[in-house]
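J.: What follows is a single structure, and I will ask about it in a moment.
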Amino acid sequence: HLIININNNNNNSISMTKKTIMLAFQLSSENPSGKVVEVPIPDPQPHEALIQVLQAGICNTDLEIVKGYMGFSGTLGHEFVGKVVEFGSAVSESDQRKFLHQRVCGDINLACAGRTATCNICSLKTTMSRNHCPTRTVLGILNKDGTMAEYLTLPVSNLHLVSDALSNEEAVFCEPLAAACRIVEQNLVKRFDKVVILGDGKLGLMIAEAIGRHVADMNHNEEETAASTTPKPILIGKHAHKLELVKDAGVEIKLLNEITDDNGDNDGSTNSSAVKSEFQNAFDVVVDATGSPSGLALCVNLTSPMGTLVLKSTCADTAGFFAAPVVINEISIVGSRCGPFPPALKLLEHGNPKLHVTKYITETFALRDASQAMECAAQKSTMKVQLICSTEDE
């Protein structure tokens, strides 16, 4: 990140000055809703890389953080694609050769990687440390400046190369798609399972894209007869135009009023957990992507006895949740969070059928207009908003 100065009075006089200041959309006590400010470009820690952020995404978590979730202050955002420009002192030569000047995206959880003596998770050297290191920081969410800036830092171990076949717009979808792939990584969908996904927001749609293709792959690999294949997952939502976006993902789509005895509110959930008889306790795996108490109650009534209810979004208010059906039907409730990036990148590049994620982009803003971008993202009609944070030739 150099600025080249040419002295017009002397053509032989050229100097290079390191850029030290950048733009970032930050939350603070003075600006709790966020503001684009000038801040110093961060220096990478010994095991980190400095990354020039090319493009970033805005998701519902960012909107909740602005409302006070996590009590976060600093640079917002955790979805991005960027170019590696510099390294910390402890990064190996092989990693420097691998990543320098390459486009990357990155895992958002920063584990201690065994560098904290008291960590009993990272010491096991398993995939648990990606999500569950007790001393972790989280990009743009917990004690780590995020992606809505011209530059950010991340440990090299968090980075994943982005293929030239993917545009910046496509690559930004890696993180939300990885969260959807976490359900597959957890081995929650097995052969012959009847699966339903509730909620046609951004997360629900990404889950449908991932799970639909996963089931199709299972059926193709097993080469079974049509009578013994795993049924297509069903995506349930309130908005026909959103459901149509995943019609080629290997899922069936149903409007909410097709499976309930009454209509619901605008978040893809219902005001009542009433389910038509043919759908009552009919699914082996139910994925809740509504983030609402009423949606959660409906999911319980969709889940078969000894079935699995997967929670992909948090409910701020579950005070009225009725747990008796969970106990009576011996339902397993499984949380599912951040997921693996390699399968997500593979889906983006080689998904069959091709995954056209750019159809989800409602609008793109320059970083300097991040406040307007956040307002746009908060509109119910908005799907995905992205920020152009810098260009590769800067």
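J.: Which of K232, K35, K19 moves most in a GNM of the chain, Cα contacts under 10 Å?
T.: Evaluated over the chain, the most mobile residue of the options is K19.
J.: What's the carbon and sulfur percent of the chain's accessible surface, probe 1.4 angstrom, rounded to a whole number?
T.: About 50 percent, which is the carbon plus sulfur part of the accessible surface.
J.: Here are some values of Rg/Rh (Cα atoms, Kirkwood Rh): (1) 0.93; (2) 0.96; (3) 1.01. Which one was computed from this structure?
T.: (3)
J.: Write down the accessible area per residue of the chain in Å², having rolled a 1.4 Å probe over the full set of protein chains.
T.: 46
J.: When DSSP assigns beta bridges and you keep just the ones with both residues in the chain, what percent turn out antiparallel, to the nearest 5?
T.: Around 60 percent of the beta bridges assigned by DSSP in the chain are antiparallel ones.
J.: Shifting gears a bit: What trypsin sites (Lys or Arg not before Pro) in the stretch 302-378 are in a loop by DSSP, with at most 16 other Cβ atoms within 10 Å of the Cβ?
T.: Answer in residue order: R337, K354.
J.: Could you tell me the distance between the Cα centroids of the stretch 75-140 and the stretch 320-394, to the nearest Å?
T.: 21
J.: Let me ask you something else. Which of Q55, Q26, Q379 moves the most in a Gaussian network model of the chain with Cα springs under 10 Å?
T.: Comparing Q55, Q26, Q379 in the GNM, the peak value goes to Q379.
J.: Which residue fluctuates most in the GNM of the chain (Cα springs below 10 Å): V251, V334, V300?
T.: Result: V334 has the largest fluctuation of those listed.
J.: Rounded to the nearest 500, what is the chain's calculated 222 nm mean residue ellipticity when only DSSP H runs of at least 4 contribute -39500 (n - 2.57) each, over all residues?
T.: That comes out to -6500 deg cm²/dmol.
The values are calculated or read from the model by the stated rules, or taken from the named source; none is laboratory data. Just so we're clear, the structure is a prediction, and the values are computed from it rather than from any experiment. Methodologically, a virtual Cβ is constructed for each residue, glycine included, from the backbone with ideal geometry; neighbour enumeration extends over all protein chains shown. Note: areas computed on protein heavy atoms with side chains; ligands, DNA, RNA excluded. Shrake-Rupley method; radii C 1.70, N 1.55, O 1.52, S 1.80 Å.
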